[in-house]
Number of protein chains: 2
Amino acid sequence: MSLSSLRICSSIQFCRQSLITSSSRELYKLTKNIRHISTIVESRTTVFRGLSNDIVIAQVRNLHISSVNRMAQISEEKIGLVPIEETRRFMTDCFLKSKCSPENAKAMADLLAEADYRGHFSHGMNRLEMYINDLHKNSTDGNVIPEVLKESPATAWVDGKNGLGAVVGNFCMDLAIKKAKEVGVGVVTARRSNHYGIAGWYTMRAMHEGLIGMSGTNTSPLMTPTRSMEAGLGTNPLSFAAPADNGDSFVLDMATTAVAVGKIEIQRRKGEPIPHGWAHDSKGNLTTDAGVAFESACLAPLGGSEITSGYKGYGLGAMIEVLCGILSGSLFSNKVRKWTHFGSDAEADLGQFFIAIDPSCFAPGFTGRLSEMNDILRNLTPVDPEKPVLLAGDPEKNHMKKVDSDGGVRYTPNQIQTCTNLSQRLDVSPIKFIN
Amino acid sequence: MSLSSLRICSSIQFCRQSLITSSSRELYKLTKNIRHISTIVESRTTVFRGLSNDIVIAQVRNLHISSVNRMAQISEEKIGLVPIEETRRFMTDCFLKSKCSPENAKAMADLLAEADYRGHFSHGMNRLEMYINDLHKNSTDGNVIPEVLKESPATAWVDGKNGLGAVVGNFCMDLAIKKAKEVGVGVVTARRSNHYGIAGWYTMRAMHEGLIGMSGTNTSPLMTPTRSMEAGLGTNPLSFAAPADNGDSFVLDMATTAVAVGKIEIQRRKGEPIPHGWAHDSKGNLTTDAGVAFESACLAPLGGSEITSGYKGYGLGAMIEVLCGILSGSLFSNKVRKWTHFGSDAEADLGQFFIAIDPSCFAPGFTGRLSEMNDILRNLTPVDPEKPVLLAGDPEKNHMKKVDSDGGVRYTPNQIQTCTNLSQRLDVSPIKFIN
């Protein structure tokens, strides 16, 4: 058996027995054909069951370092077309086998499937294993129902009781919607929550009820405030959704950093630099070296450097923190646990806010005016006729159309392998492809 | 008499008889000493009273073009220390002589004086003449009281009745505060409003009541959405203010464009380029030529180009528009009148929103936690020990300390001359300096 075969099989063994690290995930990009990998895995994995995890981890790390350059030449080709319903079914089954009530399992599967449907793969099934691991080591409680701690006609303060993000988020936004329908507005904050996926899931929940939705969450510290050489806030996303006529809408869903870590990782894998304004090195200076940026994990706020008004992105991130951690009494700022919390069984204690506003309380004809604004913006003269001006939510709408047309979502070999591992680990029926 | 003396006197004549253009304002920066200019003006102006405005305007424009390079060498030195109370007194008197009720005159003077106190000179007395002109040509009504058109326990829709921005804004935020104290939150939108100065004025009004304040306004189209070669939205500012312990606070007040037009104008005057990411040329491409950027008046959204996530700043600007123009039923997007509306007597019909949230409806100890967050952020290790990490509102706090220490605000010769002109035009006691 060749060394590379040994390493591939070792890494798969590691994935089955332990948490998946980004290093081990990358191994699967060494080939473009997941079915070929699967064959190797199935035939050879048993040979290495006896290896200790430490040895496997060391091997995986070595391979990780040496393979970065090779991976740079590997395309991001996706294979494995999976209908959204099947994605949802598979994830529901995984959560059901991970100490979750049926309602809570469904809530999480719906959330993650929607992220993939909208093209936000980083926040979809990509995170399934992280959630599953948190449930198995009891750092998240899959059975709880959140509890209202304090309430007024237009507000509520909620204890998420360390429940799953979607469970807490749905509970809070539904409460905000109820209040908006009663008194015009509802503002709800949650403490003791967990990663709640795409913020847009919750704001669209309000939008589907004919309301304006707003939501945000704090996250692990990754953003370097202007002038700072260390992270002080998370990527702290904000979402805002509003309904227009004939099913059209405005759906903003954005981190308050310039980009997410994932974009830097892609550049690093390609061996290409990152644009000036995405991230800082460990000394707090903007860097265009993707490797340096990935190591420092110090994202620039939206706007980049001070001269291009990065302090505004920093200010927006801090505003989200005030509405999340400070208002709800959860952890906040650099007190939130690090993103790479493998091994920790402490609860995340994230803070989140949810706002619903009933537009019928204001000028009549809201949806018509929003449609008109959407038309104006989409029809502005583009710099490049091939690239029309888009509205917040348009890239997602385009992606959903493609998924509907294709009959499913195309996942990467990496993602499919993770699912294969999970299906074996949890004794869940494997995910099925159309082709 | 030399040609330059002729030109200086012509421009002053023009200022007295007509609207001040940026061209004529710049003339006063040709000297560092306003008292010297005043002497020339007083002794020679009468000679040119007979000149037609057209000739004077042509002369001023020629001088403007030829003097740009000379002005590049002129410092931005400020003279004329004026106590804030005197600034307020002078502006109140000007509004009283411009068809305003005493309450409305005071509201506007308080707003503009606060902007100067906080160091936002572009939004302070600098705009006095624009407001005065709008009042005299009846494009704004200085006497009206806004009217509530629709109300629910947590919301109100208000008709600003084309009143002054501060009058509409104070009315709306006070209503939002009242509702927040009753049911936890208040959301108020206004249609038919006017320029309302610094958005932070209204959010701090809520903050001084122990509440969280949020506010935004739409503005004249100046921002070029991502991929567009024409402006589609305004600078659409957002403010967010919250109280911490011992008088500390978090006060964000920012345009959703990378910078305001004023910053580009300063670079143009200095003959220096602008950073990549501030503005577009008339073809929609980012430019570093300050002259080109000033002519196109196409500001880049916060974030700059598409690769550095300028679409997020564009999305934020559109979000503000939804809460302002779309929710209130005012003008919106590129239907708002242009910034340079000289001669137009159409009302602005701007839309604005005002939100107040009572933090005592959520986790106890809000102000303490905010103080803790402020401490964490301010004490992050700075890249340059000489430049500590700041919090939103800190630059303004520093400016206010300096004003208190100096005993007043230092204005530019340009600003003082405008005040001198106004005092004569409106028969108002001239503004008094300490030195």
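Sort out for me the Cα centre separation of the stretch B:327-404 from the stretch A:377-433, rounded to whole Å. Taking the Cα centre of the stretch A:377-433 as reference, the centre of the stretch B:327-404 is 37 Å away. Among A:Cys172, B:Cys94, the order by Cβ neighbours within 10 angstrom, fewest to most, reads B:Cys94, A:Cys172.
Amide H contacts for A:Ser228 (H built 1.01 Å from N in the peptide plane; partners 5 or more residues away or on another chain; cut-off under 5 Å): B:Val383. Each residue of the stretch A:119-130 was assigned a 3J(HN,Hα) from its phi angle through the Karplus curve 6.51 cos²θ - 1.76 cosθ + 1.60 (θ = phi - 60°); the sequence is x, 8, 4, 4, 10, x, 4, 3, 9, 3, 5, 4 Hz, with glycine and proline shown as x.
Based on C-alpha pairs under 8 angstrom that are at least 6 apart in sequence, the stretch B:102-160 has a relative contact order of 20 percent. Proximity of backbone amide H atoms, modeled 1.01 Å from N, is registered between A:Arg410 and A:Val82 at under 5 Å, excluding neighbours fewer than 5 places apart on the same chain.
Along the stretch B:225-231 the Karplus relation, 6.51 cos²θ - 1.76 cosθ + 1.60 evaluated at θ = phi - 60°, assigns HN-Hα couplings of x, 3, 6, 8, 9, 9, 5 Hz to successive residues, with x for each Gly and Pro.
The chymotrypsin sites (Phe, Trp or Tyr not before Pro) of the stretch A:337-413 meeting both criteria, a DSSP state outside H, G, I, E and B (loop) and at most 16 other C-beta atoms within 10 angstrom of the site's C-beta, are A:Trp339, A:Phe342. Using only Cα coordinates, the Kirkwood hydrodynamic radius of the stretch A:155-194 works out to 9.9 Å.
Shown for B:Ile307: label points 7 Å from Cα along the beta-carbon vector, and their distances to the equivalent points in the other copies, 1.7 nm in ascending order.
Working note: Karplus 6.51/-1.76/1.60 with θ = phi - 60° gives the stretch A:85-102 the couplings 4, 6, 4, 5, 4, 4, 5, 4, 4, 4, 5, 5, 8, 10, 6, 10, 5, x Hz, where Gly and Pro are set to x. In terms of surrounding Cβ atoms within a 10 Å radius of their Cβ, B:Leu350, A:Leu331, A:Leu81 rank from fewest to most as A:Leu81, A:Leu331, B:Leu350. Cross-link partners for A:Lys397 among the lysines, with Cα-Cα distance under 27 Å and sequence neighbours closer than 8 places in the same chain left out: A:Lys78, A:Lys106, A:Lys263, A:Lys387, A:Lys432, B:Lys312, B:Lys335. With the cut-off at under 16 Å, measuring from each backbone N in the stretch B:145-165 to a point 7 Å along the Cα-to-Cβ line of B:Lys99 picks out B:145, B:161-165.
Between A:Asn143 and A:Lys178, the distance separating the two model label sites (each 7 Å from Cα on the Cα→Cβ line) works out to 2.4 nm. Summary value for the stretch B:235-313: 24 percent relative contact order, contacts being C-alpha pairs under 8 angstrom separated by 6+ residues. The C-alpha radius of gyration of the stretch B:367-435, expressed as a fraction of 2.2 N^0.38 Å, stands at 1.75. Loop-located GluC sites (Glu not before Pro) in the stretch A:340-435 (DSSP state other than H, G, I, E, B) with a sparse environment of at most 11 neighbouring Cβ atoms within 10 Å: A:Glu386. Classify the stretch A:140-258: rounded, prolate or oblate, from the alpha-carbon gyration tensor (a ≥ b ≥ c, eigenvalue square roots; a/c under 1.5 rounded; otherwise prolate if a/b is larger than b/c)? Oblate is the answer for the stretch A:140-258, as a/c is 1.5 or above yet b/c matches or exceeds a/b. If amide hydrogens are placed 1.01 Å from N in the peptide plane, which non-local residues have theirs closer than 5 Å to the one on B:Leu222? Residues meeting the criterion, in which the H sits 1.01 Å from N, are B:Gly232, B:Leu233, B:Gly234, B:Thr235. Here the label points at B:Glu295 and B:Asp406, each 7 Å from Cα along the C-beta direction, are separated by 3.5 nm in the simple model.
Readers should treat all values here as calculations from the given coordinates under stated rules, not as data from a laboratory. The structure presented is a predicted model; accordingly, all values stated were derived computationally and were not measured. Counting neighbours? That spans all protein chains shown, and the Cβs are built from the backbone with ideal geometry, glycine included.
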